[in-house]
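The values are calculated or read from the model by the stated rules, or taken from the named source; none is laboratory data. In this text the structure is predicted, and so the values were computed from the model without any measurement. Positions of Cβ are backbone-derived with ideal geometry, glycine not excepted, and every protein chain shown enters the neighbour counts. Quick note on the areas: whole protein, heavy atoms, side chains included, nothing else; ligands and nucleic acids left out. Shrake-Rupley method; radii C 1.70, N 1.55, O 1.52, S 1.80 Å.
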Amino acid sequence: MAHKTGLEDYYITKNNKKLRFGYTTGSCAAAAAKGAAEILLGGKMIREISLMTPKGILLNLELLDIQKEENAVTCAVQKDAGDDPDTTNGILVYATVEKLDGEAIEPRIVIDGGAGVGRVTKPGLKQAVGEAAINPVPRRMIREELERTAKEAGYTKGFDVTIWIPRGAELAEKTFNPRLGIEGGISVLGTSGIVIPMSEDALIASIRLEMEMLKEAGARYLVITPGNYGETYAKEH
């Protein structure tokens, strides 16, 4: 029997075809981090984790490749982009959650990217130069889930969270990242936690981001061409 994620009844209809919803790399990262923290603090092996997305859809995601150490747990969640033509569909997004020393009123949570998660090298993005390309909403989701898990367990020390994606560096070449100055891997994205297939909004957001970066770098004019032939013609003339 197939694993049920909670998205079975969510879809849009385009050209008389049902296109099913998926979930973002940000949701994968937050779910993996939450699962790792629950295993780390609870001491019990769990194979599934629930995650409430910012869109208000509750996901039930399978935890894969669980690795336990004395003060750290690693696990992965597999990305499912639904019927969206997403380069990152099917990848494993890992979270390693490690206990930090030192007591505090609220647990200190440090979030960073490991192998396969890109690094920002140019100004104009939501992260500062040198930071991991983990967007604000996924960062907030990870932080909130870990704070809730720590509170339920009565744990007041902190967590060191590393998000890593084994195929990230290879896949990054097929994304906008090289043009945006994000090096070494893909970005951990998602403002709603959910992938809506064939979304024009997502494409417009990508174009807007590149325009903002060009402006930050000093560009003042934008030339728009219809496809590769148009670009070649514009360069030649």
Restricting attention to helices (runs of 4 or more DSSP H) lying wholly within the stretch 95-181, give those where 3 or more residues are open to solvent by less than 20 Å² (accessible area, probe 1.4 Å). 136-153, 168-172
Where V195 falls short, out of the listed (1) under 14 Å from the mean Cα position of the chain (by Cα); (2) over 21 Å from L19 (Cβ atoms): (2)
Might you check whether a residue that is of a type in the set (D, E) and within 16 Å of the chain's Cα centre (by Cα) occurs anywhere in the stretch 25-42? no
Log entry, pairs with first residue in the stretch 193-215 being under 19 Å from N177 (Cβ atoms), second being at pLDDT 80 or above and open to solvent by 90 Å² or more (accessible area, probe 1.4 Å), beta carbons closer than 8 Å, six or more apart or on different chains, reads E210/R179; M211/L222; M213/K122; L214/L222
Using beta carbons and a limit of 6 Å, which pairs, at least six apart or on different chains, have the first residue in the stretch 33-45 and touching a residue at least 60 places away in the same chain (Cβ under 8 Å) and the second one open to solvent by 40 Å² or more (accessible area, probe 1.4 Å) and small (G, A, S)? L41/A153
Of all residues in the stretch 182-193, count the ones that are open to solvent by less than 10 Å² (accessible area, probe 1.4 Å) and either assigned to a strand (DSSP E or B) or closer than 19 Å to A128 by Cβ (or both). 3
Could you check the stretch 5-92 for strands (runs of 3 or more DSSP E) lying wholly inside it with 2 or more residues that are open to solvent by 40 Å² or more (accessible area, probe 1.4 Å) and either modelled with pLDDT under 90 or closer than 26 Å to G118 by Cβ (or both)? 11-14, 17-20, 64-68
Of the residues in the stretch 105-131, those that are at pLDDT below 90 and of a type in the set (D, E, K, R) number 4
